[in-house]
Amino acid sequence: MRLRVVYDEGGRIVAAAAVPERGDDSVVVTPLAGPRQVAAEVDVPDEMAGEGLDVICTRMRVDPTNGRLTPDETGR
């Protein structure tokens, strides 16, 4: 599973949308980055692939050093 995400300077995900599989005719949603935000496509770790976007966005963050999803240790 891949996501298009927008995250802030600390890696906190502020918007996300699933990237459709090839051949899927779904509407494509692309979150747009604002000031001091970054937009990226990321792979969801296998252990989180069955979770909803709300769970992924609150339990994960983007590591700004490598652009990958990592568990959010801040407890938000």
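What follows draws every value from the coordinates through simple rules; no lab data is involved. All figures in this text were calculated on a predicted structure; none of them were measured in a lab. In this analysis, Cβ positions are derived from the backbone assuming ideal geometry, glycine residues included, and neighbour counts consider all displayed protein chains.
A cut-off of 5 Å between modelled amide H atoms, ignoring neighbours fewer than 5 places along the same chain, links ASP72 with MET60, ARG61.
Given an 8 Å cut-off on Cα distances and at least 6 residues of separation, report the relative contact order of the range 11-57 as a percent.
Numbers: 20 pairs, mean separation 21.1, N = 47.
Rounded, it is 45 percent for the range 11-57.
Considering only GluC sites (Glu not before Pro) in DSSP loops that have at most 10 other Cβ atoms within 10 Å, the longest stretch of the chain without any of them is 22-72.
In the chain, helical runs assigned H by DSSP with n ≥ 4 each contribute -39500 (n - 2.57); averaged across all residues and rounded to the nearest 500, the mean residue ellipticity at 222 nm is -2500 deg cm²/dmol.
Given a Förster radius of 30 Å and the C-beta distance between ASP54 and ASP25 as r, what FRET efficiency does 1/(1 + (r/R0)^6) yield to the nearest 0.05? Efficiency for this residue pair is about 0.75.
Using a simple charge model, +1 on the beta-carbon of Lys and Arg, -1 on the beta-carbon of Asp and Glu, nothing else, what dipole does the chain show about its Cα centre, in debye to the nearest 20? Numbers along the way, then the final one.
Numbers: 9 positive and 14 negative charges, 58 e Å.
Using Cβ point charges on Lys, Arg, Asp and Glu, the chain gives about 280 debye.
Overall shape: oblate for the chain, with the ratio a/c of the largest to smallest alpha carbon gyration tensor axis at 1.5 or above and b/c at least equal to a/b.
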